[in-house]
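The values are calculated or read from the model by the stated rules, or taken from the named source; none is laboratory data. Note that the structure is a prediction, hence the values are computed from the model and not measured. With ideal geometry, Cβ positions are generated from the backbone for all residues, glycine too; neighbour counts draw on all protein chains shown.
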Amino acid sequence: MKKLLKHISPLAPDDSGACSVLYELGGIVVICDAGGCAGNVCGFDEPRWFMKKSALFSAGLRDMDAILGRDDRLVSKLAKTTEQISGRFTAIVGTPVPAVIATDYKALKKMAEKKTGIPCITVETTGTHLYDRGEEAAYLALFKEFAKEKKQVKRGKVGIIGATPLNTGLAKANKIIEKYENAVCFGMDSGLDEIINVSECEKIIVISNSGIKAAEYLKEKFGIEYEFDFPCIPENVLESAKILDGKRVLIIHQQIAANALRDKINGCDVDCATWFDLDKNIAMENDIQIKNEDDLADIADNYDVIIGDIAFKKIIPIFKGEYIDFPHFAASGRMYGQ
């Protein structure tokens, strides 16, 4: 019961993260469930659902089909869908049921490709991890499947990994890429061709931990160097952070976003915390991975200022310091007008 959330809503799960990466790439994405998980993705965790079209479906399997692992029925439905909707690939995203019954995703991939005649990727999410794990798996699957050939590098071209609404709160890429002269956000305002042609990039910018493994893979395969940045910190947050001299500050967000804000704060003792994956290679000594609400409540009084999604303020109602809202869509979605 230690991980029970008493004050905040559940954080976005891994299947939502996978769907967020795949949403705009022109594939037919099937959430392998009996009908409930897809509603969570589209209704709560994907703001583009209301403004951009995507072929995102629930497998719609009957309970016993899902429980008994009737993969043939899933593949049959997928094949019929490809006859009615044009898609450059198919994707099957996992949920708790296939995780519990140990679905063989490699077999599903082979069956789907044989039946449909187009590439299939599978993302073995379980619905029990958080969104960054699903994004990480989806990015890696995409680049491994489609980035096959080394292309001529285009001078100044920058590829951005990690640009999803769950990380940035944004449904369009313009605010992210305006910092660079020639940039593409993989999976946001771009399609599958940009994934295929990733080796044209001179450099990769990773804006979320979910992109680190993909960036490492691309460096190993194509020699593309990568660096970390988060070019979409809200202006009001930056303005508030300029006047914190001498304060003890805690920043709560996904790790790369928190680090980027820390780099812009001078004259303060700043620690970062995250509910999501914490990479020790880019963490500082006192950085914290929050595992439950009690973790945050226990450390809050050590700080004069906390910068984080306003949803987290409900966990620490007796906190006497200053609280600055740094929205994180994966934590609060549209509840607070992001």
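I'd like the residue in the range 269-308 that is in contact with a Lys or Arg (Cβ under 9 Å, 6 or more places away or on another chain) and among the hydrophobic types (A, V, I, L, M, F, W, C) and, out of all such residues, is surrounded by the fewest Cβ atoms within 10 Å (Cβ to Cβ).
Going through the qualifying residues, I end up with 284.
Conditions tested, residue by residue: (1) on the phi > 0 side of the Ramachandran plot; (2) out of contact with any Asp or Glu (no Cβ under 9 Å at 6 or more places or on another chain); (3) at pLDDT below 95.
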residue: 226; (1), (2), (3): no, no, no
residue: 237; (1), (2), (3): no, no, no
residue: 248; (1), (2), (3): no, no, no
residue: 277; (1), (2), (3): no, no, no
residue: 283; (1), (2), (3): no, yes, no
residue: 299; (1), (2), (3): no, no, no
residue: 306; (1), (2), (3): no, no, no
residue: 333; (1), (2), (3): yes, no, yes
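Within the range 69-106, restricting attention to residues that are among the aliphatic types (A, V, I, L, M) and out of contact with any helix residue (DSSP H, G or I) (no Cβ under 7 Å at 6 or more places or on another chain), which residue is nearest to residue 28 (Cα to Cα)? Spell out how you get there, then give the answer.
Start the filter on the range 69-106 by keeping residues that are among the aliphatic types (A, V, I, L, M), which leaves 74-75, 78-79, 85, 91-93, 97, 99-102.
In the following step, the residues that additionally are out of contact with any helix residue (DSSP H, G or I) (no Cβ under 7 Å at 6 or more places or on another chain) were identified as 74, 85, 99-100, 102.
On the way: 74: 13, 85: 8, 99: 21, 100: 24, 102: 23 Å.
The residue in question is 85.
Taking the range 242-268 as the region of interest, how many residues are assigned to a loop (DSSP other than H, G, I, E, B) and crowded, with 22+ Cβ neighbours inside 10 Å? If you could, list the steps in order and put the result at the bottom.
Initial filter on the range 242-268 (assigned to a loop (DSSP other than H, G, I, E, B)): 242-247, 253-254, 263-268.
Add one more test, that the residue is crowded, with 22+ Cβ neighbours inside 10 Å, and what stays is 253-254.
Qualifying residue count, the range 242-268: 2.
Out of all the residues in the range 122-155, which are modelled with pLDDT of 95 or more and among the small types (Gly, Ala, Ser)?
134, 137, 138, 141, 147
Tell me which residues, restricted to the range 117-126, are of a type outside the set (Ser, Thr, Tyr), touching an Asp or Glu at 6+ places or on another chain (Cβ under 7 Å) and either buried (at least 22 other Cβ atoms within 10 Å of the Cβ) or not assigned by TED's automatic domain parsing to the domain that holds residue 74 (or both).
Residues satisfying the conditions are 120, 121.
Which helices (runs of 4 or more DSSP H) sit wholly inside the range 72-188 and have at least 3 residues that are touching a strand residue (DSSP E or B) at 6+ places or on another chain (Cβ under 9 Å)?
Numbers: elements: 96-100, 105-116, 131-146, 165-168, 174-177.
In the range 72-188, 105-116, 131-146 are the helices (runs of 4 or more DSSP H) which contain 3 or more residues that are touching a strand residue (DSSP E or B) at 6+ places or on another chain (Cβ under 9 Å).
Is there any pair linking a residue in the range 88-99 that is assigned by TED's automatic domain parsing to the domain that holds residue 191 to one that is in a strand (DSSP E or B) and among the acidic types (Asp, Glu), with Cβ under 8 Å and at least six apart or on different chains, and which?
none
Quick one: what pairs do we get from the range 164-181, first residue without any contact (Cβ under 8 Å) to a residue 60 or more places away in the chain and surrounded by fewer than 19 Cβ atoms within 10 Å (Cβ to Cβ), second among the small types (Gly, Ala, Ser) and part of a loop (DSSP other than H, G, I, E, B), C-beta under 9 Å, 6+ apart or different chains?
Taking only residues 6 or more apart or on different chains, the pairs are 180/156; 181/156.
Which of the residues belonging to the range 201-241 are assigned to a helix (DSSP H, G or I) and either assigned by TED's automatic domain parsing to the domain that holds residue 323 or more than 16 Å from residue 144 (Cα to Cα) (or both)?
Pass one, the range 201-241, residues assigned to a helix (DSSP H, G or I): 209-222, 235-241.
Once the filter is applied, which keeps residues that are assigned to a helix (DSSP H, G or I) and either assigned by TED's automatic domain parsing to the domain that holds residue 323 or more than 16 Å from residue 144 (Cα to Cα) (or both), the range 201-241 yields 209, 235, 236, 237, 238, 239, 240, 241.
Any residue at all in the range 42-55 that is over 21 Å from residue 185 (Cα atoms), outside any loop (DSSP other than H, G, I, E, B) and modelled with pLDDT of 85 or more?
Taking every residue of the range 42-55 in turn, none turns out to be over 21 Å from residue 185 (Cα atoms), outside any loop (DSSP other than H, G, I, E, B) and modelled with pLDDT of 85 or more.
Scan the range 286-298 and tell me whether some residue there is assigned to a strand (DSSP E or B), among the hydrophobic types (A, V, I, L, M, F, W, C) and within 27 Å of residue 137 (Cβ to Cβ).
Let us first name the residues in the range 286-298 that are assigned to a strand (DSSP E or B), namely 288-289.
From the residues that got through so far, the ones that are among the hydrophobic types (A, V, I, L, M, F, W, C) too are 288.
Now drop any that are not within 27 Å of residue 137 (Cβ to Cβ), which leaves 288.
Scanning the range 286-298, I find at least one residue that is assigned to a strand (DSSP E or B), among the hydrophobic types (A, V, I, L, M, F, W, C) and within 27 Å of residue 137 (Cβ to Cβ), so the answer is yes.
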